[in-house]
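To keep things clear, I will list the structure first and then write my remarks on it.
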Amino acid sequence: MRKDGFIGDRAKLSARVASHSARTTQLHRNGRYLDDTLYSSKTGIGKALKQNVQDFLVEKCGFSESEAPDVNRELFRTYGSSLAGLRKIQINLTFEFFICSFVHGRLPYDLIKPDSRLRNILQSIKQRKIVFTNSDRIHAMKALDRLGIRDCFEKIICFETMNPNLSKSTRPDEFPVVLKPSMEAMRIAIDVAEIDPRRTLFLDDNVKNVAAGKAVGLRTVLVGSAIKSKEADYAMEIVTNMVQSVPEIWAFSEEKDDERISQNRADQMDSALATTTVGA
């Protein structure tokens, strides 16, 4: 054990990853609510995040640069996130150090540009709007600030919301890491947001997160694809297509005696947004 609390013996860590992977059911890739939902993966933030995790495996866990990508993929494939995987195999690291300081703390946030069209769309939605992310609160706020849309959301449900006791743990297995798409994470979000799932639209870029949302009764939108998954009620390639893809958000008639959808109103909304300037 190295003095900084991380295992420096690469062979031992490799054995732990392989051993746990062999007897653990495959889970999922860590869904990124923000990286691929509210802004495109083409910004390069996702690539930088992956590189930061790999740098951590090299600098703090003793892996070679050639081994780190495979180890990172294995941690995601088996445990759902790098942090969850490292803690599962008894690496006693803190969320604050791994995520806040190392992984997200080194991200080039200047790659995220303001999105005026997205801001206009969000402002036109009168219903409550809440961010639900596996990322930490600081990362979420920085990304939303860069996009220019932080004030469009009432609340941020994030890693700290789902894992309030993790910072208090004295050993890696004391508190399991809770993330989407686990049912526990979905229930926490519903309780914290104080919503009726049947009247709530849930947007996510990850198919398994969408399936989890559907399982708890949410109306679901798969972002990043024009084709719906089995559990998605709607699909859109980019989030700014929601006006065309989910016109019901705006189109319910305000007349008390008529609750039918007004497609004409949605069309008018679509036309108005088509002239909105997109931030560079």
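Read-outs throughout are calculated quantities, based only on the coordinates presented, and are distinct from any laboratory measurement. Everything numeric here is computed off the predicted structure, so don't read it as measured data. Glycine also receives a Cβ, built like all others from the backbone with ideal geometry; neighbour counts cover every protein chain displayed.
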Skipping prolines and chain starts, which residues have an amide H placed within reach, meaning under 5 Å, of the one on Asp136, given they are 5 or more residues away or on another chain? Phe159
Modelled FRET efficiency - R0 22 Å, Met183 with Lys230, Cβ distances, 0.05 increments: 0.80
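Order the peptides 94-100, 52-58 from the highest to the lowest mean number of other Cβ atoms within 10 Å of their residues. Don't skip to the answer; put the middle values down first.
Values: 94-100: 17.6, 52-58: 19.9.
So the peptides 94-100, 52-58, ranked by packing, come out 52-58, 94-100.
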The whole-number value in µm²/s of the Stokes-Einstein translational diffusion coefficient for region 104-230, with Rh from the Kirkwood sum over alpha carbon pairs at 4 °C and 1.567 mPa s, is 81
Given the C-alpha centroids of region 143-157 and region 206-248, what is the distance between them in whole angstrom? 20
For region 149-155, just list the computed ³J(HN,Hα) in residue order, Karplus coefficients 6.51, -1.76 and 1.60, θ = phi - 60°, integers in Hz, with x standing in for Gly and Pro. 10, 4, 6, 7, 10, 6, 7
Candidate lysines for bridging to Lys88, where Cα separation is under 20 Å - those fewer than 8 sequence places away on the same chain excluded: Lys12, Lys50, Lys60, Lys168, Lys180
Using modelled backbone amide H atoms (1.01 Å from N, in-plane), which distant-in-sequence or interchain residues come within less than 5 Å of Phe202's amide H? Arg219, Thr220, Val221
Evaluate the distance, in nm, between pseudo-label points positioned 7 Å from the Cα of Glu174 and of Ala215 along their respective Cα→Cβ axes. 2.9
Sort all Cα-Cα distances of region 169-255 into consecutive 10 angstrom bins from zero, then give the percent of pairs in each bin up to the one containing the longest distance. 17, 41, 28, 10, 3, 1
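Between Ser116 and Ser167, what's the calculated FRET efficiency when r is the beta-carbon distance and R0 is 35 Å? Round to 0.05. Could you put the intermediate results ahead of the total?
Values: r = 37 Å, r/R0 = 1.06.
Working from the Cβ atoms, E equals 0.40.
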Starting from the Cα-Cα distance between Ile138 and Phe97, subtract it from 0.36 nm times their residue separation and give me the gain in nm to one decimal. 13.4 nm
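Return the Rg/Rh value of region 45-163, two decimal places, where both radii are evaluated on C-alpha atoms and Rh is the Kirkwood radius. Don't skip to the answer; put the middle values down first.
Numbers: Rg = 16.3 Å, Rh = 15.7 Å.
Taking Rh as the inverse mean 1/r over Cα pairs, Rg/Rh reads 1.04.
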Diffing region 164-177: the Karplus 3J(HN,Hα) column from phi (6.51, -1.76, 1.60, θ = phi - 60°), in whole Hz with x for Gly and Pro, holds x, 9, 4, 5, 8, 5, 10, 8, x, 9, 5, 10, x, 6
